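The values are calculated or read from the model by the stated rules, or taken from the named source; none is laboratory data. Please read these numbers as outputs of a predicted model, since none were measured by experiment. Positions of Cβ are generated from backbone atoms using ideal geometry, with glycine treated the same way; all protein chains shown enter the neighbour counts.
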Amino acid sequence: MTARILDGKAIAQEMRAEIKTATARLQAEHVTPGLAVLLVGDNPASRSYVTAKEKACAEAGMHSEEVRLPAAATREQILAVVQRFNLDPRVHGILVQLPLPDHAMEPAVIDMIDPAKDVDGFHPLSVGRMMLGLPTFLPCTPHGILHILKRSGIRTSGAHVVVVGRSNIVGRPLANMLSQKSEFGNATVTMCHTGTRDLAKYTLQADILIAAAGRARTITAEMVRDGAVVIDVGVNRVPDPAAKNGFRLVGDVDFDAVRAKAAAITPVPGGVGPMTITMLLYNTLESARRAAARRAGAQGDWLARS
Ligand code: GUN
């Protein structure tokens, strides 16, 4: 078997065209969705993600702005920028690029983001609402994966999904969303992580295997059942002297060998990555719509009620 490629890039383009049309409609009502990004330090991967996010905003017709702080920025300096974004009516979405140079600051910084502008879905209020199945901003990478599955006609209902990785950004929210009784969920979910003994015992049982471990070659062909669907969330830089910048990107999955066994697989790059940015645009548009409705005095806004 040679797996069908799940083309995240094409799905992302399709969705971005829809978002661009909706953005233009909102602009006709004099509201331009705006995303504010804070980048602390000079991690090269974070820098390139932030650049890609800003380019995507411009292509969708959205406003974006960026603040950069040095790696040595204090907690107070970071919180002051977030607070400025909270109070700026042109900003509908706030994104603090993670990881921060000092990981210990992350909970306080995320806590400071106005939940009404939390387009990453990382604020404790957003996480709690997501876990309860209440309307909220869903975290972008897990939400993007659900859209890849849906738009590729892959049903999760009744399937056994094995998620490898328990990060707050991907594995944990994704496992929760997939287990909910919802259009995108209703799956039986197993979550594996670095403490899992005999990882292959679990991955071999997966109808849908999601690799979000953050380590190249975590999933090899012997760990995948014939005919499984494989979603690769990994973005790992491996040295490549032949490449222009000295590295190339690979996922967590040994792509060529696993492709020969699986029914469908996402490539890296061009799979999950473009969907993450797309869902960020989706959430920013939704936040701007809600701000416009609040301004017009509409009732029933879910964050205003919370
Ligand atoms: N770092 C890696 N992925 C993400 C993401 O989706 N949002 C933010 N803010 N930081 C990240």
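Would you check if there is a residue in region 42-50 being outside any helix (DSSP H, G or I) and within 29 Å of Arg294 (Cβ to Cβ)? Reasoning before the result, please.
So the first thing to find is which residues in region 42-50 are outside any helix (DSSP H, G or I), and the list is 42-43.
Right, trim to within 29 Å of Arg294 (Cβ to Cβ) and you get none.
So far as region 42-50 goes, no, none of its residues is outside any helix (DSSP H, G or I) and within 29 Å of Arg294 (Cβ to Cβ).
Run down Thr276, Thr284 and say which single residue is within 16 Å of the ligand (Cβ to nearest atom), out of contact with any strand residue (DSSP E or B) (no Cβ under 8 Å at 6 or more places or on another chain) and in a helix (DSSP H, G or I).
From the options Thr276, Thr284, the qualifying one is Thr276.
Quick grid of which residues meet (1) in contact (Cβ under 8 Å) with a residue 12 or more places away in the chain; (2) touching a Pro at 6+ places or on another chain (Cβ under 8 Å):
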| site | (1), (2) |
| --- | --- |
| Ala3 | yes, no |
| Ala10 | no, no |
| Arg16 | yes, no |
| Ile19 | yes, no |
| Gln27 | yes, no |
| Leu39 | yes, no |
| Pro44 | no, no |
| His63 | yes, yes |
| Leu87 | no, no |
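Given Pro70, Pro33, Pro89, which one is more than 14 Å from the ligand (Cβ to nearest atom), buried (at least 20 other Cβ atoms within 10 Å of the Cβ) and at pLDDT 95 or above?
Answer to the selection: Pro33.
For a quick check of your reading: which helices (runs of 4 or more DSSP H) sit entirely within region 61-177 and have at least 1 residues that are touching a Ser or Thr at 6+ places or on another chain (Cβ under 7 Å) and of a type in the set (A, V, I, L, M, F, W, C)?
Passing ranges, in order: 124-131, 140-151.
Hey, among the residues in region 178-190 that are more than 17 Å from the chain's Cα centre (by Cα) and either among the charged types (D, E, K, R) or not in a loop (DSSP other than H, G, I, E, B) (or both), which one's nearest to Glu14 (Cα to Cα)?
Glu183
Only one of these conditions is not met by Gly214: (1) under 27 Å from Pro124 (Cα atoms); (2) out of contact with any helix residue (DSSP H, G or I) (no Cβ under 9 Å at 6 or more places or on another chain); (3) away from the ligand (no atom under 16 Å from the Cβ). Which number is it?
(3)
Just give me the residues in region 103-112 being out of contact with any helix residue (DSSP H, G or I) (no Cβ under 6 Å at 6 or more places or on another chain), of a type in the set (A, V, I, L, M, F, W, C) and within 11 Å of the ligand (Cβ to nearest atom), in sequence order.
Within region 103-112, Ile110 is the sole residue that qualifies.
Does Thr23 qualify as being in contact (Cβ under 8 Å) with a residue 12 or more places away in the chain and part of a loop (DSSP other than H, G, I, E, B)? Lay out the reasoning, then the answer.
Working: in contact (Cβ under 8 Å) with a residue 12 or more places away in the chain: yes; part of a loop (DSSP other than H, G, I, E, B): no.
Judged against the criteria, Thr23 is not a match.
Counting only residues that are out of contact with any Gly (no Cβ under 9 Å at 6 or more places or on another chain) and hydrophobic (A, V, I, L, M, F, W, C), how many does region 146-169 have?
Looking only at that region, the number is 6.
Name the single residue, out of those in region 133-163 being away from the ligand (no atom under 15 Å from the Cβ) and closer than 11 Å to Ile11 by Cα, that is surrounded by the most Cβ atoms within 10 Å (Cβ to Cβ). I'd like the intermediate steps shown before the answer.
Let us first name the residues in region 133-163 that are away from the ligand (no atom under 15 Å from the Cβ), namely 133-136, 148-163.
Filter once more, so that each one left must be closer than 11 Å to Ile11 by Cα: 148-152.
Numbers: Ile148: 22, Leu149: 24, Lys150: 14, Arg151: 16, Ser152: 16.
The selected residue is Leu149.
Here are the criteria: (1) touching a Ser or Thr at 6+ places or on another chain (Cβ under 8 Å); (2) of a type outside the set (S, T, N, Q); (3) modelled with pLDDT of 95 or more. Tell me which single one His193 does not satisfy.
(1)
Given the criterion under 30 Å from Ser64 (Cα atoms), more than 16 Å from the ligand (Cβ to nearest atom), part of a loop (DSSP other than H, G, I, E, B) and modelled with pLDDT under 95, identify the matching residue among Gly297, Gly270. Walk me through how you get there before you give the answer.
On the way: Gly270 fails: modelled with pLDDT under 95.
Just a single option satisfies the conditions, and that option is Gly297.
Within region 36-53, work out how many residues are charged (D, E, K, R), within 14 Å of the ligand (Cβ to nearest atom) and surrounded by fewer than 17 Cβ atoms within 10 Å (Cβ to Cβ).
Within region 36-53, residues that are charged (D, E, K, R), within 14 Å of the ligand (Cβ to nearest atom) and surrounded by fewer than 17 Cβ atoms within 10 Å (Cβ to Cβ) number 1.
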